[in-house]
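Visitor: Got a structure for you, questions after.
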Amino acid sequence: MSFCDDCTPGLSGPGAQSVVQGSTTTTELTKQPDGRQAVGTAWSTDYAEVSLLRSLLYARYADILTLCADRPVEALQGDPRRLILTVLVETAQNAVAAGNGYLLVAPAAVLARLQAIPGRAALDAVTTYLPEALAGEVRGAYASTPAVDDVPPLWDAVERAFLRREVKSHGYALVAAAEGGDPSIITAEVNRGEQLRALAVRVGITDRGAA
């Protein structure tokens with residue numbers, strides 16, 4: 001995902017700091033050692049993912065491209081949510097290209113694109129995951145009013161959960177690579193470790209970059 005040329009004021013201009021700060025109205029925030037705000041770890045991953053999609057579905061098209069720039073769609077759990085985000089970004093790209101980046105997302109347009117995609121993931125997205133995101137209900141709990149300012153800390157929460165899953169998987173893979181002794185596999189896993197370290201720096205788990 002890349003930055004758009006048609007970015008909304010407040011995201012690319014002087015107001016950008018307020019976006020990074022987040023909003024306490026819909027997020028439980030804690031201070032990191034460097035003073036930045038971070039979503040509390042007590043949040044469930046499901047709640048963070050649904051809240052993220054919900055806020056994006058109620059944002060402007062240009063904002064979506066800005067807020068999702070360099071964020072990995074694979075950080076979301078499961079193909080249906082990843083598909084919703086992919087379709088949402090593609091819809092936003094088309095809207096911005098047509099000069100309509102200032103408009104709010106039309107959920108019906110996202111739904112129509114999902115309905116045209118074959119397969120179980122798209123069906124689940126249409127019948128379960130998109131309605132869930134629009135309603136904001138997660139296991140009986142409801143997300144508050146969607147807010148663009150909440151998206152960056154929500155993305156960080158989703159990526160931290162993704163990082164934890166990837167680190168666990170990477171640990172098993174490292175053991176298997178060491179036992180197998182294949183140089184190419186060992187090299188691949190070492191490279192994967194560097195990518196995970198870069199992600200850890202970005203989401204604020206560590207401030208140590210690559211040596």
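The values are calculated or read from the model by the stated rules, or taken from the named source; none is laboratory data. As the structure is a computational prediction, the values presented were derived from the model and not from experiment. Positions of Cβ are backbone-derived with ideal geometry, glycine not excepted, and every protein chain shown enters the neighbour counts.
Visitor: Name the one entry in A157, A121 that is crowded, with 19+ Cβ neighbours inside 10 Å and assigned to a helix (DSSP H, G or I). Let's see the steps before the verdict.
Guide: Working: A121 fails: crowded, with 19+ Cβ neighbours inside 10 Å.
Result of the check over A157, A121: A157.
Visitor: With a cut-off of at least 3 residues that are over 30 Å from T127 (Cβ atoms), among the acidic types (D, E) and modelled with pLDDT under 95, name the helices (runs of 4 or more DSSP H) lying wholly within the range 1-113.
Guide: Details: elements: 16-21, 45-57, 61-67, 79-97.
Once the helices (runs of 4 or more DSSP H) in the range 1-113 are filtered for at least 3 residues that are over 30 Å from T127 (Cβ atoms), among the acidic types (D, E) and modelled with pLDDT under 95, nothing remains.
Visitor: Can you name every residue in the range 68-84 that is of a type in the set (A, V, I, L, M), surrounded by fewer than 22 Cβ atoms within 10 Å (Cβ to Cβ) and within 9 Å of the chain's Cα centre (by Cα)?
Guide: First, the residues of the range 68-84 that are of a type in the set (A, V, I, L, M): 69, 73, 75-76, 83-84.
The next check asks that each one be surrounded by fewer than 22 Cβ atoms within 10 Å (Cβ to Cβ); those that pass are 69, 73.
Matches in the range 68-84: V73 only.
Visitor: Report, ordered by the first and then the second residue, all pairs with beta carbons closer than 8 Å, sequence separation of six or more or different chains, a first member in the range 165-189 that is of a type in the set (D, E), and a second member that is assigned to a helix (DSSP H, G or I).
Guide: If the second residue must be assigned to a helix (DSSP H, G or I), the pairs left are E166/L196; E166/L199; E189/H170; E189/A173; E189/L174; E189/A177.
Visitor: Just wondering, is there one or more residues in the range 155-173 that are at pLDDT 80 or above and of a type in the set (F, W, Y)?
Guide: yes
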